[in-house]
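The values are calculated or read from the model by the stated rules, or taken from the named source; none is laboratory data. None of these values were measured; they are calculated from a predicted model. Note that each Cβ is placed from the backbone with ideal geometry, even for glycine, and that neighbours are counted across all protein chains shown. The protein model used for the area step is the full one, side chains on, heavy atoms only, and it has no ligands, DNA or RNA in it. Shrake-Rupley method; radii C 1.70, N 1.55, O 1.52, S 1.80 Å.
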Amino acid sequence: MEVEIPVVIVGAGPGGLATSACLNKHSISNIILEKDDCHASLWRKRAYDRLKLHLGKDFCNLPHMPFPSDFPTFVPRVDFLRYLDDYVTHMKICIRYNRYVNDASFDATNGKWRVCVHDTTLNLDEIYVADYLVVATGENCDPYIPMINGLESFEGEYLHCSKYLNGRPWYDKNVLVVGSGNSGMEIAYDVSTWGANTSMVIRSPVHYLTKEMVYIGMSLLKYISIEKIDKLMVFMSKMVYGDMSKYGLVRPKDGPFAMKKKGGRTPTIDVGCVKQIKKGKVKVYPAISSIKKGKIIEFADGKSGQFDVIVFATGYRSSVQKWLKDYKELFNENGMPKARFPDHWKGENGIYCAGFSQNGLQGIHFDALKIANDISFTVNAMKHHDAEANAEIKLLDE
């Protein structure tokens, strides 16, 4: 079966939903292809129970639909999913689920994108032909577990955080959480509150702020420089937490917002883990050097410990290069845009990407508006050109 449509969007996460909604506002036909059986599958199927949006709702809504006024400032996962469900209905978004994209390529002979898809429900192959292709599979596509010497022989349990729900099964077990980002710190806190003997690996310097501090910083970005905001954030962090270096937490030299702008590394939002570290309920180790026979893990400082469970909060990788044949038009070898924000969202020959800005939901909001406005401008320009051409032909005929 072959389907022709102006715009094909691959991925029904927030980036795909937002882009489709913006295109609908311009009355431009589009369809989303989603490999899973639901939209926002990362939030619905691969997120832990206590997860909330780490930024205030003012910075996280999708285009053309604010969060309900009765939602809390920091929206819980369940409420965010309810918001996305309402968004799909309200914005009249068309999604075809259980569609696995095998490959997509640009056909230079007709100037269109050809997307080959397998319908996993009916076991049928489909082809979609489009003028524009929007890659919305996002940064957080494939779970990433680093290669660690000896991991394959570890006799305990290990898993990626995408499979973590809560620490209930691990009461009184020795649990090691690897990663000091938002997920790592929050999971370490959660595991410790369920009664596990909790440790975590923090390899690099990290800024740790409360969500209220980050909310203040985000709000002030409109009015004062990043340099001044960073000084305020670091001052507030030192006032609240003090010097944490003796516990294994070292602050970077660059400020939190400057680091975010420079390399996409976000400050870690503390939900209570730092307090647990101070109390000794969460131990901090440096990088893992190797895993020995059984359940023994050795660390870079020469220390070792025995662990029953390892949770890898080590992020995700893009999967774009696996199915997009002409990915080098827009993406690098790692499946991320070659250009940095704010110039990352558009490539040649009608290809775009949404959700790759490393700026979370706020970045998705930016991407979706840019993409829809650009496609609308191009479509209207072509209509105008065709109308002028037809008018000239009519005059010649007369």
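Some notes on this structure:
- Answer residue from region 170-223, given it is free of Cβ contacts under 8 Å to residues at least 60 places away in the same chain and on the phi > 0 side of the Ramachandran plot and is surrounded by the most Cβ atoms within 10 Å (Cβ to Cβ) among those: Gly195
- Selection status of Asn110, assigned by the TED database to the domain that holds Ala354, of a type outside the set (Lys, Arg), within 25 Å of Glu348 (Cα to Cα) and part of a loop (DSSP other than H, G, I, E, B): yes
- Only a single item in (1) part of a helix (DSSP H, G or I); (2) surrounded by fewer than 19 Cβ atoms within 10 Å (Cβ to Cβ) is not met by Val250, and it is number (1).
- Taking (1) closer than 22 Å to Ile148 by Cβ; (2) in contact with a Phe, Trp or Tyr (Cβ under 8 Å, 6 or more places away or on another chain) in turn, Met244 satisfies each apart from (1).
- Residue in region 204-242 that is nearest to Pro256 (Cα to Cα), counting only those that are aromatic (Phe, Trp, Tyr) and not in a helix (DSSP H, G or I): Tyr208
- Residues that are closer than 20 Å to Phe341 by Cα, outside any loop (DSSP other than H, G, I, E, B) and either open to solvent by 50 Å² or more (accessible area, probe 1.4 Å) or hydrophobic (A, V, I, L, M, F, W, C) (or both), drawn from region 253-272: Phe257, Ala258, Met259, Lys261, Lys262
- Qualifying residue in region 151-163 (condition: open to solvent by less than 10 Å² (accessible area, probe 1.4 Å), outside the structural domain of Leu324 (by the TED database) and more than 26 Å from the chain's Cα centre (by Cα)): no
- Residue within region 227-244 that is buried (at least 19 other Cβ atoms within 10 Å of the Cβ) and closer than 29 Å to Met336 by Cα present: yes
- Any hit, region 280-290, residues being free of Cβ contacts under 8 Å to residues at least 60 places away in the same chain, touching a Leu at 6+ places or on another chain (Cβ under 7 Å) and assigned to a loop (DSSP other than H, G, I, E, B): no
- Region 68-97, residues that are open to solvent by less than 80 Å² (accessible area, probe 1.4 Å) and under 23 Å from Pro6 (Cβ atoms): Tyr87, Val88, Met91, Ile93, Cys94, Ile95, Arg96, Tyr97
- Scope region 29-56; condition touching a Ser or Thr at 6+ places or on another chain (Cβ under 6 Å) and of a type outside the set (Gly, Ala, Ser); matching residues: Asn30, Ile32, Arg46
- Failed item in (1) more than 19 Å from Leu361 (Cα to Cα); (2) open to solvent by 30 Å² or more (accessible area, probe 1.4 Å), with Val129 passing the rest: (2)
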